[in-house]
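The next block holds one structure in the form of structure tokens; read it before the comments.
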Amino acid sequence: MTNDHNRKITIIGAGFVGSTSAFSLIAAQAANEIVLIDVNTSLVRSQVMDLQHSIPSWGQCQVKVGTYDDIRDSDIVVITCGANQKPGETRLDLIKKNSAIIKDIGPKIFKANPGIIVIMVTNPVDLLTFQLVRMFPKKQKQIMGSGTILDTARLRFLLGQHFKVNPTSMHAYIIGEHGDSEFPLWSTANIGQIPLAKYPGYDAKKMDRIFNQAKNAAYAIIKGKQATYYAISSGVAHLAKAILGDKNSVLPVSSLLTNYHSISNICLSVPSVIGRNGVKHQLRLSLNTRELRQLKKSARTLKQAAKGLVT
Ligand code: NAD
């Protein structure tokens with residue numbers, strides 16, 4: 001880790017998600033230096049020029065095209081390279097293409113900097129996080145996927161609209177797979193300590209519709225504009241700030257579970273304490289019978305799909 005005066009983040013993949021993550025990091029003043037790497041050299045050059053021109057409006061930050069050598073003195077690497085979902089594709093459909101990329105770049109990252117914190121964003125995010133943890137088991141605390149940070153933000157936004165409450169005051173999470181088997185933690189969701197089910201305006205059927213809208217948002221957005229990026233890039237900046245500021249923030253990142261409600265040897269999202277060394281610990285949630293069943297189903301789905309990882 002470098003000191004607070006040199007907060008450096010390298011982003012691998014300068015497409016929609018990588019470039020907007022850089023933009024969110026600049027706007028949030030989260031780093032002093034941002035490096036972008038991409039196999040598409042003309043794209044990465046153009047993205048960097050465009051990003052550099054935003055700096056006079058936001059404040060000083062070095063932004064440049066880089067190489068894996070830049071990881072040596074970086075604090076965080078954000079992985080956003082690889083294929084994205086095409087209309088109708090699920091996140092799990094991307095596994096072959098993207099796990100071959102992780103197999104190639106994983107060793108380059110940790111060779112350059114054994115102490116680096118890695119934020120995996122590329123999909124299927126839980127499986128690629130698991131792949132990297134499997135390749136580098138001793139680095140498991142340093143490796144996290146953005147997981148259900150995005151899905152939780154979507155849920156909180158929609159609940160905030162429904163209950164007419166600021167979404168930052170909505171205490172509700174989606175956990176499990178960042179994908180079709182994810183589920184909401186309704187049993188403990190609350191607004192200012194009032195259980196959601198007792199809050200004026202609560203309607204169980206409406207809650208189910210809101211959850212499905214959050215879960216299927218990516219399909220709806222991709223249909224209209226080929227990719228999703230603003231919300232995930234905001235989540236990346238939030239997570240990077242939690243790490244660099246050693247904030248002990250609770251965020252639903254994807255990380256390796258070991259004997260978590262009897263689930264082991266797979267990565268998925270549960271609320272976790274995030275600080276300068278990565279995932280400090282995962283919160284041991286009280287789950288009702290339904291939620292426990294859903295968590296186990298999510299783990300089974302991912303374990304089955306993990307067989308498709310390139311080894
Ligand atoms: P994109 O196609 O716009 O960008 C991907 C970039 O990766 C391209 O510029 C490509 O040249 C580059 N690339 C490919 N192989 C590379 C390699 N080996 N090294 C360096 N660069 C390489 O795609 P996008 O819309 O930015 O999405 C990127 C990934 O993020 C996808 O897998 C997508 O599904 C995922 N995503 C995740 C979340 C989440 O919540 N976790 C949200 C949105 C998108």
Margin query: I need the per residue convex hull volume for region 79-179, using only the alpha carbons, in cubic angstrom as a whole number.
Written below: 113
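With a/c under 1.5 counting as rounded, go ahead and sort region 75-129 into rounded, prolate or oblate using the C-alpha gyration tensor (a ≥ b ≥ c being the square roots of the eigenvalues; past the cut-off, prolate if a/b is larger than b/c, else oblate).
prolate
Among 46-53, 74-81, 89-96, 235-242, how do they line up from the highest to the lowest mean number of other beta-carbon atoms within 10 Å? Don't skip to the answer; put the middle values down first.
Details: 46-53: 16.0, 74-81: 26.6, 89-96: 17.5, 235-242: 23.1.
Highest-to-lowest ranking by the protection proxy: 74-81, 235-242, 89-96, 46-53.
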Notebook entry, point to check: Which value, in nm² and rounded to one decimal, describes the direction-averaged projected area of the C-alpha convex hull of the chain?
Noted result: 15.3
Check: Got a number for carbon plus sulfur as a percent of the chain's accessible area, 1.4 Å probe?
Finding: 54
Check: Considering only Thr168, Ser272, Gly15, whose Cα is most displaced toward the positive end of the charge dipole of the chain, charges sitting on Cβ of Lys, Arg (+1) and Asp, Glu (-1)?
Finding: Ser272
Notebook entry, point to check: What order do you get for 118-129, 18-29, 243-254 when each peptide is scored by the mean count of other beta carbon atoms within 10 Å, highest first?
Noted result: 118-129, 18-29, 243-254
Check: If you average 1/r over all unlike Cα pairs in region 174-311 and invert the result, what Kirkwood radius do you get in angstrom?
Finding: 16.7
Notebook entry, point to check: Any idea what the alpha-carbon Rg over 2.2 N^0.38 Å comes to for region 234-311?
Noted result: 1.21
Notebook entry, point to check: How high is the relative contact order of region 77-148, in percent, with contacts defined as C-alpha pairs under 8 Å that are six or more residues apart?
Noted result: 36
Item checked: Accessible area of region 132-192 divided out per residue, in Å², using a probe of 1.4 angstrom -> 38
Check: Expressed as an acute angle from 0 to 90° and rounded to the nearest 10, what is the orientation of the C-alpha long axis of helix 95-112 relative to the principal long axis of the chain?
Finding: 50
Next item on the list: With everything on Cα atoms, drop me the angle between helix 204-215 and the longest principal axis of the chain, reported from 0 to 90° to the nearest 10.
Entry: 20
Margin query: If I take all pairs of Cα atoms in region 100-158, what percentage of them are more than 16 Å from each other?
Written below: 43
Notebook entry, point to check: Cα to Cα, under 20 Å, and not fewer than 8 places away if on the same chain: which aspartates and glutamates meet these conditions relative to Lys297?
Noted result: Asp93, Asp126, Asp151, Glu177, Asp180, Glu182, Asp208
Note to self: For region 1-149, what are Rg and Dmax over the alpha carbons, in angstrom?
What the structure shows: 14.8, 45
Check: Per residue, how many Å² of accessible area does region 215-273 show with a 1.4 Å probe?
Finding: 38
Note to self: Output needed for region 137-232: three equivalent-ellipsoid semi-axes, defined as square roots of 5 times the C-alpha gyration tensor eigenvalues, in descending order, whole Å.
What the structure shows: 24, 18, 12
Item checked: Karplus 3J(HN,Hα) series, Hz, for region 279-290 with 6.51 cos²θ - 1.76 cosθ + 1.60 (x for Gly, Pro) -> 7, 6, 6, 9, 6, 7, 6, 8, 10, 7, 4, 5
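Quick one: which of Lys139/Lys280; Lys8/Lys139; Lys8/Lys215 span more than 22 angstrom between C-alpha atoms?
Lys8/Lys215
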Checklist line | Top positive-direction residue, dipole computed over region 166-311 with Cβ charges, set Val253, Pro195, Leu287 | finding: Leu287
Next item on the list: Provide, for q = 0.28 Å⁻¹, the log10 of I(q)/I(0) from a solvent-free Debye sum over equal Cα point scatterers in region 6-56.
Entry: -1.14
Next item on the list: In whole angstrom, note down how far apart the Cα centers of region 191-248 and region 266-309 are.
Entry: 17
Check: What do you reckon, how do Tyr202, Tyr219 stack up by accessible area (1.4 Å probe), largest on top?
Finding: Tyr202, Tyr219
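The values are calculated or read from the model by the stated rules, or taken from the named source; none is laboratory data. None of the values given here were measured: they were computed from a predicted structure. Here Cβ is always computed from backbone atoms with ideal geometry, including for glycine, and neighbour counts include all displayed protein chains. Just the protein is used for accessible areas: all its heavy atoms, side chains included, with ligands, DNA and RNA removed. Shrake-Rupley method; radii C 1.70, N 1.55, O 1.52, S 1.80 Å.
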